[in-house]
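So the structure is just underneath, and the comments pick up after that.
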Amino acid sequence: DKKAGKVHDEFPCPHCGASLTKRNMERSWVTKFDKAIGQTIRQAKQVPVLINYSVGKQRYEKTPDAFDLALIEKIEEMNIPCWFPTDRMPEGVESRRNDDIGITHVHHFYTKRNLWVLDSFVQRSRNRLARALWVGTACTEGLSVLNRERPFGLPSKLSGTLYVSSMIREINALAFLGRKIDKYETRGEWPHTLISSQSSTSLEEPHSSVDYIFTDPPFGGNLMYSELNFLWEAWLKVFTNNKPEAIENKAHGKGLPEYQRLMTECFKEYYRVLKPGRWMTVEFHNSKNSVWNAIQEALQTAGFVIADLRTLDKQQGSFKQVTSANAVKQDLVISAYKPHGGLEERFRLEAGTEEGVWDFIRTHLKQLPVFVAKDGKAEIIAERQNYLLFDRMVAFHVQRGVTVPMSAAEFYAGLVQRFPERDGMYFLPEQVAEYDKKRMTVREVLQLQLFVTDESSAIQWLKQQLVRKP
């Protein structure tokens, strides 16, 4: 339906008028000899149906005529004179998703003429300018058949997948390369920046040398990174060793235990290089509670103390966020810190005692934000609530192999005796004055928004209700 810009759910057969859908029809296939790999291949047939072109600043459309079809056929019969990647797509969930339509090798992801243009550019870039080669690899997906036809918008591929739509839009390769070059030229230089490529399980930085860490780790089985990287890696002739890749992947025989072990090793390295008392921000996204628990356990096993948890709405969703009913639509932003050396030294002397508990709580409260306002309202700082303070204290003891010396009831009673409480949150005596002063500048307290989606979030919700009205 060109006016609505959508594909009809049902449409009549042009011969007999019977009602049809895409799912109940048989594909049309083409069998041809692929000279690049020396094999006969069978692919789902694709035919050009519309040409978009420009004269000056005016854009037009036309139906392909005999000359257009003959030109395309002529290009198909010609031989590209230089090397281009013909690698077989590797074993995997995403990398083999197009096998059933005959797109099995890297060069099958391109029309012949776009393959030729991209190949020519990359070959001329190689051994000359690194930035020119960067432009070439930046175009490896944009010039492929991963681009979907979107009648009222720019063509785009679905992020996080190698899905090939039944209606693709072939991009003008020369114009696309030109835009990428212009974009690169306007970026300018970034001084005082060092980029290295290495495994996070074995960092080159010395102990306690890093001021701050921001990390956006793999989210369990959400994205198959090495598989999604394969197209441009094939052009560079450098491939990821995916054996130690920190993901869940059935095709690679990796489950949650393997993922958690690798993430723990990474966080231990982060802990080693981070300065005592300094912070790490972890952006995390996964709809599975088991993966979220694995990340928390990995953080605590490494020695970090979680101090804040918020949501980040990135607006544009990934393929799985858009298509999956149970996909979490927002990322979590976890703030964690490495305990100061003084706390660790005191804890060795006080471990397993009540004084050790309150020493940790005093140090932890000192690290937490005192006041957060949003839209003229004060936010509840979740980490200052009694049950989360208890959870952090228990985790700190367990991670260090020390018995927790008091029950939850004893902890809650001691918390009330030692620390002033405001709006269900606990503060150090020197912090409460600052909170009271800033609290007077807002209209009301914005309560935590908690969506009950599983057993864990239901328990958190219940704890909140019991705190407000036991």
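Descriptive notes on the structure:
- Loop-exposed GluC sites (Glu not before Pro) per DSSP, neighbour cap 11 Cβ within 10 angstrom, longest uninterrupted part of the chain: 205-470
- Against the chain, whose longest principal axis is taken from its Cα atoms, helix 173-185 shows a tilt of about 30°.
- Dipole axis of region 366-432 (+1 Lys, Arg; -1 Asp, Glu on Cβ), positive-most option in Val432, Pro369, Gln417: Pro369
- Computed about its Cα centre, the charge dipole of region 162-294 is approximately 200 debye, with only Lys, Arg, Asp and Glu carrying charge at their Cβ.
- Longest site-free stretch - the chain; sites: chymotrypsin sites (Phe, Trp or Tyr not before Pro), DSSP loop, at most 15 other Cβ within 10 Å: 240-450
- Over the chain, dividing the summed -39,500 (n - 2.57) contributions of all DSSP H runs of at least 4 residues by the number of residues returns a 222 nm mean residue ellipticity of -11000 deg cm²/dmol.
- At the residue level, Thr403 shows approximately 110 square angstrom of accessible surface with a 1.4 angstrom probe and all protein chains present.
- Computed E for Arg400/Glu204 - FRET, C-beta separation, R0 25 angstrom, nearest 0.05: 0.35
- Split the accessible area of region 203-245 by element, probe 1.4 Å, and carbon with sulfur accounts for 58%.
- With K and R counted +1 and D and E -1, the other residues having a Cβ less than 15 Å from that of Ala351 yield a net charge of -3.
- Computed in the context of the full set of protein chains, the accessible area of region 345-410 at 1.4 Å probe radius has 50% of its extent on carbon or sulfur.
- Accessible area (Å², per residue) of region 95-249, counting only protein heavy atoms and a probe of 1.4 Å: 55 Å²
- Of the beta bridges in the chain, as assigned by DSSP with both residues counted there, near 80 percent are antiparallel.
- Remark: relative contact order (the chain) = 9 percent; criterion is Cα-Cα distance under 8 angstrom and separation of 6 or more residues.
- When the chain is described by a simple charge dipole with +1 on each Lys and Arg Cβ and -1 on each Asp and Glu Cβ, the residue from Gly136, Ala173, Cys16 located farthest towards its positive end is Cys16.
- Once the Cα atoms are used to define both axes, helix 408-418 deviates from the longest principal axis of the chain by about 70 degrees.
- Normalising the Debye intensity of region 147-238 to I(0), with uniform scatterers on Cα atoms only, and taking log10 at q = 0.18, 0.23 Å⁻¹ returns -1.24, -1.33.
- Degrees, to the nearest 10: 289-302 long Cα axis against longest axis of the chain: 60 degrees
- Cleavage-rule hits, trypsin sites (Lys or Arg not before Pro), region 198-282, DSSP coil, Cβ neighbours within 10 Å at most 10: Lys237
- The accessible-area ordering, largest first, of the residues His15, His364 stands as His15, His364, per a 1.4 angstrom probe.
- Summing Cβ point charges (Lys, Arg +1; Asp, Glu -1) relative to the Cα centre of the chain gives a dipole of roughly 1200 debye.
- Out-of-range pairs (alpha-carbon distance over 23 Å; input Lys22/Lys157; Lys6/Lys183; Lys237/Lys268; Lys338/Lys366): Lys6/Lys183; Lys237/Lys268
- All aspartates and glutamates inside 20 Å of Lys3 as judged from Cα atoms, apart from same-chain residues fewer than 8 positions distant: Glu61, Glu149
- Overall form of the chain per C-alpha gyration tensor (a/c, 1.5; a/b vs b/c): prolate
- Those aspartates and glutamates that a straight Cα-Cα span of less than 19 Å connects to Lys35, excepting residues fewer than 8 apart in one chain: Glu73, Glu76, Glu77, Asp87, Asp99, Asp119
- Element breakdown for region 71-112 at a 1.4 angstrom probe: carbon and sulfur atoms account for 53% of the accessible area.
- Solvent-accessible area per residue, Å², over region 1-88 with all protein chains present [probe radius 1.4 Å]: 85 Å²
- Per residue, region 406-445 exposes 60 Å² of solvent-accessible protein surface, assessed with a 1.4 angstrom probe and all protein chains in place.
The values are calculated or read from the model by the stated rules, or taken from the named source; none is laboratory data. As the structure is a computational prediction, the values presented were derived from the model and not from experiment. Methodologically, a virtual Cβ is constructed for each residue, glycine included, from the backbone with ideal geometry; neighbour enumeration extends over all protein chains shown. Note: areas computed on protein heavy atoms with side chains; ligands, DNA, RNA excluded. Shrake-Rupley method; radii C 1.70, N 1.55, O 1.52, S 1.80 Å.
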